[in-house]
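Following: one structure in structure tokens, then a few remarks.
The values are calculated or read from the model by the stated rules, or taken from the named source; none is laboratory data. Keep in mind that what you see is a predicted model, and the values were worked out from it rather than measured. We place every Cβ from the backbone using ideal geometry, glycine too, and count neighbours over all the protein chains shown. Remember, those area values only see protein heavy atoms, side chains included, never the ligands or the DNA or RNA. Shrake-Rupley method; radii C 1.70, N 1.55, O 1.52, S 1.80 Å.
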Amino acid sequence: MALSFLPELLISILTLLVIYLYIKSWRSRNPLRPKDWPVVGMLPSLLGNLHNFHDQLTVLLAASGYSHKAQGPVATGMRFFVTCDPANVRHIFTTNHANYPKGEEFAEIFDVVSDSLFTVDGESWRQQRGLFQSVVGNPRVLESMASCCRDKVVNGLLPFMARMASTATPFDMQDLITRLVFDLTATPVFGVDPGFLSPDMPSMRVSDAMDTVMEVGLFRHIVPASCWKVMRRLNICTERKLAMARMLLHGFVREMLEKRRAMSPNLHEVAAVDILSAHTQYSDGFLLSKILISYMIAGRDTVATALPWVFYSLAKNPHAVSAIRNELASIAYREGTRSVAFFKPEETKSLVYLQAALFETLRLYPPGPFERKAVLDDDMLPSGHKVYSNETILISIYAMGRMERAKTAMSTSQKGGSPRMKPSCGMCHPTSSWPSTQDQGCARAKTSPLRR
């Protein structure tokens with residue numbers, strides 16, 4: 001009687017032994033690849049490394065020859081082809097781009113801005129893109145944006161930094177840049193300055209809501225659609241946060257619209273130079289709100305994500321700061337003996353080292369770390385991989401900019417070391433033959449799925 005549990009114990013021990021041997025065998029054959037579990041696929045590995053997703057993806061692609069196929073749990077239909085191969089990227093974005101739309105699932109993932117330029121395909125995308133280009137290409141709009149930018153820097157950013165420097169007070173650079181860029185984005189969109197970069201530093205709950213949209217978007221990319229849809233129906237976990245963020249964003253848009261109407265009841269007036277004035281043909285107020293939110297996210301997350309990394313990289317490389325200061329010195333000398341020199345955009349276009357530092361930072365820390373595409377019809381990629389209809393393609397722009405370092409890390413790991421992806425901050429060191437994100441034309445005017 002006392003040994004009645006012995007069969008169950010032996011079965012449990014045998015099961016654990018089989019799992020252990022399976023894991024050990026997998027690791028010996030694939031030391032750098034995430035564990036592909038029976039039934040659940042790579043989902044546990046992805047969720048476990050969500051905090052370090054892009055670096056892990058870079059190491060995986062380096063170990064897989066720049067492309068890798070992955071599957072989600074059984075019966076979920078999650079089939080991914082992940083790549084950073086430049087030939088594949090060129091094929092997907094240019095040679096056969098019609099076969100690789102964003103897809104309906106992408107629009108579902110970012111339903112906060114569904115039916116906007118960010119999520120639509122085909123004719124709707126062409127119409128919205130044409131309208132947006134006509135607006136931002138308007139000389140009067142560009143002049144207004146340049147004036148707003150100079151005013152914010154001269155009367156907002158520089159006085160704040162001077163005050164912090166005089167008192168040796170530390171401050172959050174990313175928060176400061178986010179406030180600056182948020183105001184610079186909202187003003188040309190609505191024709192109203194929200195005033196987040198001001199002496200009293202008001203709450204940035206709207207900006208936090210945009211962060212939530214991107215974070216939940218990344219989570220939805222990784223887990224099965226049925227999982228997050230159940231969470232949305234029950235209004236729990238990340239979906240509850242997203243629902244609150246959606247309310248905040250639409251509330252902010254309504255507030256800005258009310259302020260805009262108070263300034264000028266006629267949105268059609270010829271003197272208006274804001275983006276909102278070009279979208280008055282939308283009778284659906286909710287759709288207009290989503291379009292304006294997408295513009296806000298696109299403008300804020302690209303620049304506000306990149307600039308803090310620029311300052312971070314410069315802080316880590318004093319020699320780069322000295323070289324840029326030397327380039328600026330000749331321009332500042334022409335400006336006279338003022339304590340603070342303000343540079344015009346056309347004066348800085350010829351500064352080679354400054355531009356190189358910006359491009360190097362964008363290579364290391366692209367605001368849009370990856371692109372997602374759907375596959376309409378079966379196709380053969382230049383790398384020799386075949387992709388099938390309804391598969392999802394993830395293009396790691398982050399990995400493209402770091403692939404030579406990833407291959408080095410992989411070699412170190414195979415010799416017994418540990419693969420650690422440490423960002424190169426050499427600033428303008430000679431790059432490899434791999435094209436940067438700018439060379440491939442993949443740097444998009446959209447937000448990052450994950451703000452690092």
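Near H319, within a Cβ-to-Cβ distance under 15 Å, what is the net charge of the other residues, with Lys and Arg +1 and Asp and Glu -1?
Around H319, the charge tally is 0.
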| Potential extension, S330-F343 segment - 0.36 nm per residue separation minus Cα distance | 3.5 nm
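So how do V113, V303 rank on accessible area, 1.4 Å probe, biggest first, that is with the largest at the start? Could you put the intermediate results ahead of the total?
On the way: V113 5, V303 65 Å².
Heavy-atom accessible area, descending, gives V303, V113.
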| field | Simple Cβ-charge dipole of region 78-191, Lys/Arg +1 and Asp/Glu -1, about Cα centre, in debye nearest 20 | value | 480 debye
| message | With a 1.4 Å probe and all protein chains kept in place, how much accessible area does L14 have, in Å² rounded to the nearest 10? | response | 110 Å²
| query | If each of E104 and L142 carries a label point 7 Å out from its Cα toward its Cβ, how far apart are those two points in nm? | reply | 4.1 nm
| message | Beyond a 25 Å Cα-Cα separation, which of these cross-linked pairs lie in this structure: K259/K290; K349/K373; K316/K373; K102/K259; K290/K373? | response | K349/K373; K316/K373; K102/K259
| note | Note: E123 to D172 extended length (0.36 nm per residue) minus current alpha-carbon separation gives 13.4 nm
| message | Let me check I've understood the local charge: for M78, count other residues with C-beta under 12 angstrom from its C-beta, Lys and Arg +1, Asp and Glu -1. What total comes out? | response | +1
| query | Once you wrap a convex hull around the alpha carbon atoms of region 144-217, what is its projected area averaged over all directions, in nm²? | reply | 5.5 nm²
| message | Show me, bin by bin at 5 Å from 0, the whole-percent P(r) of region 98-231 based on Cα pairs. | response | 2, 8, 14, 15, 15, 15, 13, 9, 6, 3, 1, 0
| task | Express the carbon and sulfur contribution to the solvent-accessible surface of region 340-411 as a percent, rounded to the nearest whole number, probe 1.4 angstrom. | result | 58 percent
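Leaving ligands and nucleic acids out of the surface, order I177, I11 by accessible area at 1.4 Å, largest first.
I11, I177
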| Full-stretch length increase - Y388, L358 - with 0.36 nm per residue and alpha-carbon distance subtracted | 7.0 nm
| request: Could you do me a favour and compute the accessible area per residue for region 49-150, 1.4 Å probe, result in Å²? | output: 47 Å²
| query | What do the square roots of 5 times the Cα gyration tensor eigenvalues come to for region 131-178, in whole Å, largest first, as semi-axes of the equivalent ellipsoid? | reply | 32, 12, 4
| task | Count neighbours as other Cβ atoms within 10 Å of each site's Cβ, and list the chymotrypsin sites (Phe, Trp or Tyr not before Pro) in region 109-171 that are DSSP loop with at most 15 such neighbours. | result | F171
